[in-house]
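Trainee: Mind having a look at this structure? Questions to follow.
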Amino acid sequence: MELSRTQRNRLTPVQRNYLRLAARHEPRRRIARNMLWAFGTGGGICAIGQGIQFAFMHWAGFDQKTAGNPTVAVMILLSITFTCLGVYDRFAQKAGAGSAVPVTGFANAMCSAALEHRSEGLVLGVGGQLFKVAGPVIVFGTTAAFIFALLRVLIMPLFGGHA
Amino acid sequence: MTRWEQWLDLLANKPMWLMFVLAFVVGGAICLIGQILIDVARLTPAHAMTTLVVAGVALDALNWYEPLIDFAGAGATVPITSFGNALFHGAMSEYHRDGWIGLLTGIFEVTSAGISCAIVFSFLAALLIRPVKN
């Protein structure tokens, strides 16, 4: 069981003891093998993305910059298809971060949440839980983007530069 | 041409096979960093993802992410770090066009394709698909 530091600090002594006991019996992580899988599968997904991008540039008349959006859209569509077929989650078991870090993992997290909570209804289940896993990424990304942009706008003119 | 100049020439006008190799290596390396954050630094996957997104924002704020995209193509645009890069990029480009309000209106300008796409298709999937009980 993976807990964050905030969650760990809130545990009672009994719960802490149990975590320690559970940690002793946890199978050892095969770090080298996980890293190899993450590199290979993550790189593979990016290479597929490169292929889709070339296809858009070659046949649909996009250029290097504008091909990015349709490429991401197609990869999300593929990821959601494979999530619905149940293939992506089995692949994710092995690939670890290699399947989670590319944009396909983001779509997989949202689609899994939607399917998982479908039985609770469309509004409270699907609508309410859609961002359960993907939410932190959007919240932190948006806040960080605002703060960094503000800092850059405020600081760059001090050095005589342009923001 | 010396061998060194040949390498520089290859990198300057990359043939198609080299773009695939670079996308594979750079994209794989970013995923490798994510795996290290989970396995070695012992972060939860959610913490690892947020760390990578904030790193993408910070790299773009330093003007380092765009050169990476020019270098590695999809290897830099497919991983989640490019989501942070796109958020920051939207905010800055609207700031240059519309002034201060652009910092807020521009954040989702570039990423809206990805987010809308994921929301719409996930919802449709939940409408159409019944999970198999096992």
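Trainee: Any idea what the relative contact order of the stretch A:103-144 is, in percent, if you count C-alpha pairs under 8 Å spaced at least 6 apart?
Mentor: With pairs under 8 Å counted, the relative contact order is 38 percent.
Trainee: Compute the distance from the alpha-carbon center of the stretch B:1-43 to that of the stretch A:16-84, in whole Å.
Mentor: The two parts, judged by their Cα centres, are 15 Å apart.
Trainee: Return a whole-number percent for the relative contact order of chain B, with Cα pairs under 8 Å and 6 or more residues apart as the contact set.
Mentor: Details: 112 pairs, mean separation 25.3, N = 134.
Across chain B, relative contact order equals 19 percent.
Trainee: So what's the angle, to the nearest 10 degrees on a 0 to 90 scale, between helix B:3-12 and the longest Cα principal axis of chain B?
Mentor: Taking the Cα atoms of chain B, the angle to B:3-12 is about 40 degrees.
Trainee: A further question on this structure: Does the stretch B:1-71 come out rounded, prolate or oblate by the C-alpha gyration tensor, with a ≥ b ≥ c the root eigenvalues, rounded set by a/c under 1.5 and, if not, prolate when a/b is larger than b/c and oblate if not? The partial results should precede the final answer.
Mentor: Details: a/c = 3.22, a/b = 2.10, b/c = 1.53.
Note, shape of the stretch B:1-71 comes out prolate.
Trainee: Now for a different question. Helix-only estimate, please: 222 nm mean residue ellipticity of chain A, summing -39500 (n - 2.57) across DSSP H runs of length 4 or more and dividing by its residues, to the nearest 500.
Mentor: Details: 8 runs with 112 residues, N = 163.
Calculated from helices alone, the mean residue ellipticity at 222 nm is -22000 deg cm²/dmol.
Trainee: How compact is the protein assembly as shown by the rule of thumb for globular proteins, expressed as Cα Rg over 2.2 N^0.38 Å? Write out the running numbers ahead of the final one.
Mentor: Working: Rg = 20.5 Å, N = 297, 2.2 N^0.38 = 19.1 Å.
Computed over Cα atoms of the protein assembly as shown, the ratio equals 1.07.
Trainee: Continuing with this model, one more query. What share of all Cα pairs of chain B, in percent, falls into each consecutive 5 Å distance bin?
Mentor: That works out to 2, 9, 13, 15, 15, 15, 13, 9, 4, 2, 1, 0, 0, in percent per bin.
Trainee: Here's something else I'd like to know. When the Karplus curve 6.51 cos²θ - 1.76 cosθ + 1.60 is applied with θ = phi - 60°, which whole-Hz ³J(HN,Hα) does each residue of the stretch A:142-152 get, with x for Gly and Pro?
Mentor: Running phi through 6.51 cos²θ - 1.76 cosθ + 1.60 with θ = phi - 60° gives 5, 5, 5, 4, 5, 5, 5, 5, 4, 4, 5 Hz.
Trainee: Please give the helix A:103-116 orientation as an angle from the longest Cα principal axis of chain A, in degrees from 0 to 90, rounded to the nearest 10.
Mentor: Orientation of helix A:103-116: about 50 degrees from the principal axis.
Trainee: Cα axis of helix B:81-98 to longest principal axis of chain B: angle in degrees, 0 to 90, nearest 10?
Mentor: Computed tilt is about 90 degrees.
Trainee: Taking the Cα centre of the protein assembly as shown as origin, work out the dipole magnitude from +1 charges on Lys and Arg Cβ and -1 charges on Asp and Glu Cβ, in debye rounded to 20. Could you put the intermediate results ahead of the total?
Mentor: Numbers: 22 positive and 15 negative charges, 307 e Å.
Roughly 1480 debye for the protein assembly as shown.
Trainee: Relative contact order of the stretch A:20-163, please, whole-number percent, based on alpha carbon pairs below 8 angstrom and at least 6 residues apart. List each step's numbers first, then the result.
Mentor: Numbers: 106 pairs, mean separation 27.3, N = 144.
So the answer I get is 19 percent.
Throughout, read-outs are computed from the coordinates displayed, never taken from laboratory work. The model shown is predicted, which means the values in this text are computed figures rather than measured ones. Note that we place each Cβ from the backbone using ideal geometry, even for glycine, and neighbour counts take in every protein chain shown.
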